Amino acid sequence: ERQQQPTCSIATLPKKVQRIGHMALAAVCLFALGAVAGRPATLRASIVMSTTQTQRATTGPSDVSKQAPRVTNAPPFTPLQTAQAFYSAWNHGDYDAAADLLAPDVKFRDINYPQPFYGRERVRTYLKECTENLVGWQFFIDDYAEDIQRGRLGLRWHVNDPDGNPLLLPSGGISFLRMTDDMSQIAECTDINEPFSKIPLPVQGPMLQVGAEAMKTARGAFKTIFGDDGGPLKMPAPVNEPPYTAIKTARIFYDAWNAGDADAAAAVMSSDVLFRDMNFEGGFEGRVAVRDFLAATAEILGDLNFVIDDWAEDSARRSLGLKWHVQDSQGRRIPVASQGTSFLRFNEYLNEIVEVTDHGEPLATPPEQLQMPLAMIASRALEFRRTGKLPEIQLPRPPTPPQAE
């Protein structure tokens, strides 16, 4: 799981570039907090649209909140049951029980942090900090794709406040989990939440054009730094043929998108498909609108390709969870924002995609030392907005000096 990939991270970029990225993220946080104080109605409408849209296929939301009965894990173990027990324990504030549902050498990735957490004890500390600093926040599982045969689980979730309502800030996310062989513990978890600030609908077209130009410049710099031993390797878009499966149809879609063939990618979409890229407000509805969006983003991507790293296929529920990354034509990951998770739903024949939700990692993240303080400030601001009372802020106590012998 820890094999070195041909990649470079934000940490390898010049310090000036890192500072710019951190300043930009701080500005987004300030904008979000300002929105909580001054524009609750607009933000609430955005949240309702982005996190609680009506599903057009049967889904199975799972209430693992503190108000629901505690979920425990017992044989026979399944990926969903283990995940439900984990989130239920976490929501009830029992971070020790939640950590016990993790493998000793678990790899846990909260995409807001620069690096993953390795090992149960490190994740236990993270869960404890979340429990103590995020006032009353509760995970609610909206939908899932359970792959029992492969021990994988894709989750689509959102966060509620203590009253059971979605947070005033965007609170949705997609997680991808890999279980241990007996499925009693979580061996790897990747959590990606939607960004606080999104591109408004009226400026999506201009922003895509700006993105295309920026990506051209970035690709040129990338090739200058790392070299380029060949042009873009774009293969012809494949055709979807029976027998159909969810993962096969998804691969056809991404292969066509990678080939720059928006028509072929849209051909495996239903006529009333809903495509949500969580960087944008709302979603793109209908095959024509999605086709136009795919064409615009194909220009931005150029010779970059989506690569599916792992998947959770649930044919019975017609759902699919994905973990992916973006790389160039030579197999090198791009320096920033190269990972993501997606959740897809299909028609009854599994040959058309009826809904897509894509979550990608942010361009930059603040240092690990600032993550929990920023989250605590956001949590207190939201709680103040909800109750009109400012929660007590528990500042960390300094370590007790050792006593003299």
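The values are calculated or read from the model by the stated rules, or taken from the named source; none is laboratory data. What you see is a predicted model, and the numbers here were worked out from it, not measured in a lab. Note that each Cβ is placed from the backbone with ideal geometry, even for glycine, and that neighbours are counted across all protein chains shown. We work out accessible area using only protein heavy atoms, side chains counted, and drop any ligands, DNA or RNA first. Shrake-Rupley method; radii C 1.70, N 1.55, O 1.52, S 1.80 Å.
Would you confirm whether any residue within region 174-182 is modelled with pLDDT of 95 or more, in contact with a Cys (Cβ under 9 Å, 6 or more places away or on another chain), closer than 18 Å to N91 by Cβ and not in a loop (DSSP other than H, G, I, E, B)? Yes, region 174-182 contains a residue that is modelled with pLDDT of 95 or more, in contact with a Cys (Cβ under 9 Å, 6 or more places away or on another chain), closer than 18 Å to N91 by Cβ and not in a loop (DSSP other than H, G, I, E, B). Scanning region 332-379 for residues that are basic (K, R) and over 17 Å from I174 (Cα atoms) returns R332, R333. For region 361-374, what are the residues that are touching a Pro at 6+ places or on another chain (Cβ under 9 Å) and either under 18 Å from F284 (Cβ atoms) or open to solvent by 30 Å² or more (accessible area, probe 1.4 Å) (or both)? Hits for region 361-374 are P362, P367, E368, L374. Touching a helix residue (DSSP H, G or I) at 6+ places or on another chain (Cβ under 9 Å), farther than 24 Å from D277 by Cα, open to solvent by 30 Å² or more (accessible area, probe 1.4 Å) and in contact (Cβ under 8 Å) with a residue 60 or more places away in the chain: is that true of D182 in this structure? It is false that D182 is touching a helix residue (DSSP H, G or I) at 6+ places or on another chain (Cβ under 9 Å), farther than 24 Å from D277 by Cα, open to solvent by 30 Å² or more (accessible area, probe 1.4 Å) and in contact (Cβ under 8 Å) with a residue 60 or more places away in the chain. Taken over region 252-297, the criterion of being modelled with pLDDT under 90 and either open to solvent by less than 20 Å² (accessible area, probe 1.4 Å) or aromatic (F, W, Y) (or both) is satisfied by M278, F280, G282, T297. Scanning region 349-358 turns up one or more residues that are more than 25 Å from M278 (Cβ to Cβ), modelled with pLDDT of 80 or more and in a loop (DSSP other than H, G, I, E, B). Among the residues of region 148-162, the ones that are touching a helix residue (DSSP H, G or I) at 6+ places or on another chain (Cβ under 7 Å) and open to solvent by 10 Å² or more (accessible area, probe 1.4 Å) come to 4 in all.
Residues in region 110-124 that are at pLDDT below 95 and either part of a helix (DSSP H, G or I) or not hydroxyl-bearing (S, T, Y) (or both): D110, I111, N112, P114, Q115, P116.
Determine, yes or no, whether R122 is closer than 18 Å to T190 by Cα, open to solvent by 40 Å² or more (accessible area, probe 1.4 Å) and not aliphatic (A, V, I, L, M). Criteria met by R122.
A Cβ distance below 8 Å, combined with a sequence gap of six or more or placement on separate chains, defines the contacts here; from region 125-151, residues that are without any contact (Cβ under 8 Å) to a residue 40 or more places away in the chain reach residues that are open to solvent by 30 Å² or more (accessible area, probe 1.4 Å) in the pairs L127/Y95; K128/Y95. Identification of strands (runs of 3 or more DSSP E) wholly contained in region 261-336 with 2 or more residues that are out of contact with any Ser or Thr (no Cβ under 8 Å at 6 or more places or on another chain) and of a type in the set (A, V, I, L, M) yields 269-277, 305-314. Taking region 303-323 as the range and being open to solvent by 20 Å² or more (accessible area, probe 1.4 Å) and in contact with a helix residue (DSSP H, G or I) (Cβ under 8 Å, 6 or more places away or on another chain) as the test, the residues that pass are N305, F306, I308, W311, E313, S315, R318.
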